[in-house]
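Asks: Below are the structure tokens for one structure; questions will follow.
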Protein chains: 2
Amino acid sequence: MGKNLTTRSEDYSKWYNELVVKADLAENSGVRGCMVIKPYGYAIWEKMQAELDRMFKETGHQNAYFPLFIPKSYFSKEASHVDGFAKECAVVTHYRLKTGEDGKTIEVDPDAKLEEELIVRPTSETIIWDTYRGWVQSYRDLPIMVNQWANVVRWEMRTRLFLRTAEFLWQEGHTAHATEKEAIQEAEQMMNIYADFAENFMAVPVIKGVKTANERFAGAVETYCIEALMQDGKALQAGTSHFLGQNFAKAFDVKFANKEGKQEHVWATSWGVSTRLMGALVMTHSDDNGLVLPPNLAPIQVVIVPIYRNDEQFDAISEEANELMKSLRKLGISVKYDNRDTHKPGWKFNEYELKGVPVRIAIGPKDLENGTFEIARRDNLTKEIIAKDAVVEHVQNLLEEMQKALFEKALNYRAEHITEVDSFDEFKEVLEGKGGFISAHWDGTPETEDKIKELTKATIRCIPLDKKEEEGSCVLTGNPSKGRVLFAKAY
Amino acid sequence: MGKNLTTRSEDYSKWYNELVVKADLAENSGVRGCMVIKPYGYAIWEKMQAELDRMFKETGHQNAYFPLFIPKSYFSKEASHVDGFAKECAVVTHYRLKTGEDGKTIEVDPDAKLEEELIVRPTSETIIWDTYRGWVQSYRDLPIMVNQWANVVRWEMRTRLFLRTAEFLWQEGHTAHATEKEAIQEAEQMMNIYADFAENFMAVPVIKGVKTANERFAGAVETYCIEALMQDGKALQAGTSHFLGQNFAKAFDVKFANKEGKQEHVWATSWGVSTRLMGALVMTHSDDNGLVLPPNLAPIQVVIVPIYRNDEQFDAISEEANELMKSLRKLGISVKYDNRDTHKPGWKFNEYELKGVPVRIAIGPKDLENGTFEIARRDNLTKEIIAKDAVVEHVQNLLEEMQKALFEKALNYRAEHITEVDSFDEFKEVLEGKGGFISAHWDGTPETEDKIKELTKATIRCIPLDKKEEEGSCVLTGNPSKGRVLFAKAY
């Protein structure tokens, strides 16, 4: 029974694009580069949101909401920020349409031109720091620990569902602190929260590190990141947390009176993860049969499919199914009973495999006789016959086991795909061979990084936080280096 | 101890504007007409969202996300829809900025002009129905029961925080059905859910009805609404649910094969509530001392304020407070202990009154001696001394009582402000006097409704669903009428 899905080995990129659409996660819209997130995909995103939101609130953050539009002039106030975003900004220039002269078409009303153009936010530092100026007078007003869930727009020429879209959904935290130390701690804390979320909810192992100057956020002093590895050996930046120094406070004149009454500029962080995480989730675990979802993020954790030949059997099975659903729901497990008579069991099996439902329970006439259910797990496609009295506990354990197994599997894959290399030939060989992260010495200059990128398309994904002190020589220039950094091709 | 707040009788409008800002709900931003929703205000909105989202999901709806931008041409496809929204659309015309010739300023890059302008969604019927075309083939694909939480933009010339802003947050449900009957039932169901939410969570009594043709949503066959009454005698439309007939299905060619295999156009509804509800909440309950929040929507339901002269007292009080917090939280009551030593108790009392925290508990040295706490309720500003063993139960009951009391108070106010009138002189007299809803006969023509609006600024808020059959003559024209409708000046 085929899913008609391109396999990963045939064409990884095509496999991904097809899978996202066929599993009902998202699709392209009539608006160039903008996606529609379909209900099944959005349900996964909602689970991500709920968990992240809980983690943010537990660490003292509150949500707020800032305007979608940013006056053009705000952008120029932080020099490197505008350089980073100017080339991909959607710009609102008018505020009214009118009927054309033919009385039918509509056109932009030239009389309704804005005095100052508005940028659709690509990120909100500028509008938020313009606001914070009014919120901060004294050290008593600090810290400000605010997050917002929002849509942002970055006009991309080449887009891919979830991974790179003109509009995407994200959260952006923006905090303000009295001291540099506190701001750095906050930026590090948020990186750790992202890593915790990625590993324990998404089952995606990540490497924590800092970005090189080349890859740093436009306006940041330091960018912390978590980097994941996809099944095709390419890296994916899964979240970033920026220590912004006093750059935005200076650009927007945000000062506070310290305990001694002296005026100082405020210290800042910002941090975000986006619907890009959906892409990372799909690409880390899924296989040629479709999605594989970690139980912690699966909208449906268990599906029950009845197999019957007549109404009598159907009724008896439904009774068992309803009983089972009740017991599973009591444990907080989300379960669906697919009792549609419009589709055959085989079709349903296929469908739930494609959609990555972790556990499938089939109940047929034999099971009624024997007091058993058939339990299939999505990750390794194995099946077991389980006595029905033991099913609830079995399923509960299975969900925990699968969550761990998915993480372990991804962790093993990554372990096999971090390669230490000491020559540039080896570098290129590994990169074009099995891919993955390449751990190599680098002389610390942006020029060398650029050159390597030009020659190989690999960039420095991060300088790992657990980097070992190690004398070495740069893989390209031979110049001295004090430790290895991680290179990879990246999404 | 003054809040420095304009009183309602001095200037209701000014009172509202000041209160929203002083209670930290929202403020104007640097972007004309766009607001910043501050953390305290956003926390109330989050409570509204959570409750509404629960109600939507319980009735079979799922969330999804559609693009922010709508190609201009989509708008012209439904004729009355474009007429309704064209005059207030923010239009994206370019997708890039560049550095100006001075090397400093940035300007819109004229080479980056979009082929087709994009409208920032004022509502999403067009982009959603363009998407639904791909989702519907047969009756098996119906109904589609989808909602989205999103920001929308309607370019308003005169804006007011929450009530009318260029950008606002809302939810918009968009459903597709096989039959007219089912779609009408859905539209009615959603109106009932909104009414249930308004009355039981916001404690805001509402009248259910349908709009006249003049006030109908652009593109709807019937607009159901809930109408609330503010303390200044003006009405506020708090939610609408539209039966859209086959208008959008025809405009976007969305057909399905029915059970007999015949192609039919799909039937539609859409329904929404917005951050405008925040304005309704504030204006219904609050008083000259500040916000009054119904316990069901208060981010902080109980605040504990210690009153002490020395560390020993503070420690003893804190012990009591911590104990009390634990007990209240076990019951799901949100409670804050304000142990800041930077502010005096009187300042805190004032602050929590301004912010509408329903219950304030003060603990002082006397209370330690006597084994009592002082409990103050925000709605009627009364205080009681309660034995500490009885406090938890007392507070729990108090919260329920206040929720009911606020609704009753608002209901009484409304009852006193629905006036039946039978002459146009009386109509004008009541309108300019106590205001409120005026129940009057109307001849059913848009011309009469327009004329009355021109003469008095009052519009027909709704034709109530519980309208009594009653022969009468139109309050303006004397022409025959079969029942009374509700007029009011409105926000």
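Asks: Can you name the residue in the range A:25-42 that is part of a helix (DSSP H, G or I) and facing chain B (nearest Cβ under 7 Å) and is also nearest to B:R32 (Cα to Cα) among such residues?
Replies: A:Y42
Asks: When the range A:208-223 is examined, which residues are found to be closer than 21 Å to A:M55 by Cα and either of a type in the set (S, T, N, Q) or crowded, with 22+ Cβ neighbours inside 10 Å (or both)?
Replies: Kept after step one, since they are closer than 21 Å to A:M55 by Cα, are these residues of the range A:208-223: A:208-209, A:223.
The answer is A:G209, A:T223.
Asks: Given the conditions (1) outside the structural domain of A:E186 (by TED's automatic domain parsing); (2) out of contact with any Phe, Trp or Tyr (no Cβ under 6 Å at 6 or more places or on another chain); (3) under 29 Å from B:T275 (Cβ atoms); (4) not aliphatic (A, V, I, L, M), and given that A:Y95 satisfies all but one, which numbered condition is not satisfied?
Replies: Looking at each condition in turn, A:Y95 falls short on (2).
Asks: To continue, here is another question. Just one of the numbered conditions (1) more than 30 Å from A:G84 (Cβ to Cβ); (2) away from chain A (no Cβ under 11 Å); (3) modelled with pLDDT under 95; (4) surrounded by fewer than 20 Cβ atoms within 10 Å (Cβ to Cβ) is not true of B:T7; which one?
Replies: Single failed check for B:T7: (3).
Asks: Condition test on B:G2, is it within 7 Å of chain A (Cβ to nearest Cβ), outside any helix (DSSP H, G or I) and modelled with pLDDT under 95?
Replies: In short, no.
Asks: Could you tell me whether B:M35 is surrounded by fewer than 18 Cβ atoms within 10 Å (Cβ to Cβ), at pLDDT 95 or above, under 18 Å from the mean Cα position of the chain (by Cα) and of a type in the set (A, V, I, L, M, F, W, C)?
Replies: Working: surrounded by fewer than 18 Cβ atoms within 10 Å (Cβ to Cβ): no; at pLDDT 95 or above: yes; under 18 Å from the mean Cα position of the chain (by Cα): yes; of a type in the set (A, V, I, L, M, F, W, C): yes.
Against the criterion (surrounded by fewer than 18 Cβ atoms within 10 Å (Cβ to Cβ), at pLDDT 95 or above, under 18 Å from the mean Cα position of the chain (by Cα) and of a type in the set (A, V, I, L, M, F, W, C)), B:M35 does not qualify.
Asks: Please indicate, with yes or no, whether at least one residue in the range A:350-361 is buried (at least 19 other Cβ atoms within 10 Å of the Cβ) and farther than 21 Å from A:D24 by Cα.
Replies: Taking every residue of the range A:350-361 in turn, at least one turns out to be buried (at least 19 other Cβ atoms within 10 Å of the Cβ) and farther than 21 Å from A:D24 by Cα.
Asks: Restricting to the range A:330-354, and then to whatever is of a type in the set (S, T, N, Q) and without any contact (Cβ under 8 Å) to a residue 40 or more places away in the chain, can you tell me which residue is nearest to A:Q403 (Cα to Cα)?
Replies: Only one residue tops the list, namely A:S334.
Asks: Select from the range A:51-66 the residues that are at the interface with chain B (Cβ under 7 Å from one of its Cβ atoms) and not in a strand (DSSP E or B) and write down the one among them that is farthest from A:E215 (Cα to Cα).
Replies: A:A64
Asks: Another question, if that's okay. If you take just the helices (runs of 4 or more DSSP H) that sit entirely in the range A:67-185, which of them hold at least 1 residues that are within 11 Å of chain B (Cβ to nearest Cβ) and at pLDDT 95 or above?
Replies: The qualifying helices (runs of 4 or more DSSP H) are A:125-135.
Asks: Here's another thing I want to ask about it. Restricting attention to the range A:74-84, which residues are in contact with a helix residue (DSSP H, G or I) (Cβ under 7 Å, 6 or more places away or on another chain) and either surrounded by 21 or more Cβ atoms within 10 Å (Cβ to Cβ) or under 17 Å from A:A220 (Cβ atoms) (or both)?
Replies: Of everything in the range A:74-84, those that are in contact with a helix residue (DSSP H, G or I) (Cβ under 7 Å, 6 or more places away or on another chain) and either surrounded by 21 or more Cβ atoms within 10 Å (Cβ to Cβ) or under 17 Å from A:A220 (Cβ atoms) (or both) turn out to be A:Y74, A:F75, A:K77, A:E78, A:H81, A:V82.
Asks: For the structure I just gave you, tell me whether B:K326 is closer than 25 Å to B:L406 by Cβ, at pLDDT 95 or above, surrounded by fewer than 21 Cβ atoms within 10 Å (Cβ to Cβ) and of a type in the set (K, R).
Replies: Criteria not met by B:K326.
Asks: Considering A:M202, A:M190, which residue is crowded, with 22+ Cβ neighbours inside 10 Å, outside the structural domain of A:L406 (by TED's automatic domain parsing), assigned to a loop (DSSP other than H, G, I, E, B) and touching a residue at least 40 places away in the same chain (Cβ under 8 Å)? Outline the logic, then answer.
Replies: On the way: A:M190 fails: assigned to a loop (DSSP other than H, G, I, E, B).
Exactly one of A:M202, A:M190 is crowded, with 22+ Cβ neighbours inside 10 Å, outside the structural domain of A:L406 (by TED's automatic domain parsing), assigned to a loop (DSSP other than H, G, I, E, B) and touching a residue at least 40 places away in the same chain (Cβ under 8 Å), namely A:M202.
Matching residues to (1) aliphatic (A, V, I, L, M); (2) farther than 17 Å from A:V357 by Cβ:
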| site | (1), (2) |
| --- | --- |
| A:E10 | no, yes |
| A:W15 | no, yes |
| A:L25 | yes, no |
| A:A64 | yes, yes |
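Asks: Give just the number: which of (1) at pLDDT below 95; (2) not assigned by TED's automatic domain parsing to the domain that holds A:W149 does A:G30 not satisfy?
Replies: Tallying (1) at pLDDT below 95; (2) not assigned by TED's automatic domain parsing to the domain that holds A:W149, A:G30 fails exactly one: (2).
Asks: For the list (1) within 30 Å of B:I418 (Cβ to Cβ); (2) within 14 Å of chain A (Cβ to nearest Cβ); (3) among the β-branched types (V, I, T), I need the number of the one condition that B:I207 fails.
Replies: (2)
Asks: List the number of the failed condition for A:C474; all other conditions in (1) surrounded by fewer than 19 Cβ atoms within 10 Å (Cβ to Cβ); (2) touching a residue at least 60 places away in the same chain (Cβ under 8 Å); (3) touching a Phe, Trp or Tyr at 6+ places or on another chain (Cβ under 8 Å) hold.
Replies: Among (1) surrounded by fewer than 19 Cβ atoms within 10 Å (Cβ to Cβ); (2) touching a residue at least 60 places away in the same chain (Cβ under 8 Å); (3) touching a Phe, Trp or Tyr at 6+ places or on another chain (Cβ under 8 Å), the lone unmet condition for A:C474 is (2).
Asks: In the range B:429-448, what count of residues is obtained for those that are closer than 11 Å to B:V475 by Cβ and either in contact (Cβ under 8 Å) with a residue 60 or more places away in the chain or in contact with a Gly (Cβ under 7 Å, 6 or more places away or on another chain) (or both)?
Replies: Count: 1.
Asks: Still on this structure, I have one more. Could you grab the pairs with beta carbons closer than 7 Å, sequence gap of 6+ or different chains, first residue in the range A:34-56 and outside the structural domain of A:Q301 (by TED's automatic domain parsing), second one outside any strand (DSSP E or B) and surrounded by fewer than 19 Cβ atoms within 10 Å (Cβ to Cβ)?
Replies: A:K38/A:D24; A:Y40/A:D24; A:G41/A:D24
Asks: Given the criteria farther than 30 Å from B:A490 by Cβ and either loosely packed, with under 15 Cβ neighbours inside 10 Å or in the same structural domain as B:Q231 (by TED's automatic domain parsing) (or both), does B:K404 qualify?
Replies: The answer is no for B:K404.
Let's see how each residue does on (1) surrounded by 12 or more Cβ atoms within 10 Å (Cβ to Cβ); (2) assigned by TED's automatic domain parsing to the domain that holds B:R160; (3) at pLDDT 95 or above; (4) part of a strand (DSSP E or B):
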site	(1), (2), (3), (4)
B:L399	yes, no, yes, no
B:A410	yes, no, yes, no
B:V430	yes, no, yes, no
B:I438	yes, no, yes, yes
B:D443	yes, no, yes, no
B:I452	yes, no, yes, no
B:E470	no, no, no, no
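Asks: Given the conditions (1) over 30 Å from A:D196 (Cβ atoms); (2) buried (at least 18 other Cβ atoms within 10 Å of the Cβ); (3) of a type outside the set (S, T, N, Q); (4) in contact with a helix residue (DSSP H, G or I) (Cβ under 6 Å, 6 or more places away or on another chain), report the number of the one that A:R96 does not fulfil.
Replies: (2)
Asks: Same structure, new question: So is A:K14 within 11 Å of chain B (Cβ to nearest Cβ), over 19 Å from A:R154 (Cα atoms) and surrounded by fewer than 16 Cβ atoms within 10 Å (Cβ to Cβ) or not?
Replies: no
The values are calculated or read from the model by the stated rules, or taken from the named source; none is laboratory data. All values derive from a computational prediction rather than experimental measurement. No Cβ is skipped: glycine too gets one built from the backbone with ideal geometry, and neighbour counts run over all protein chains shown.
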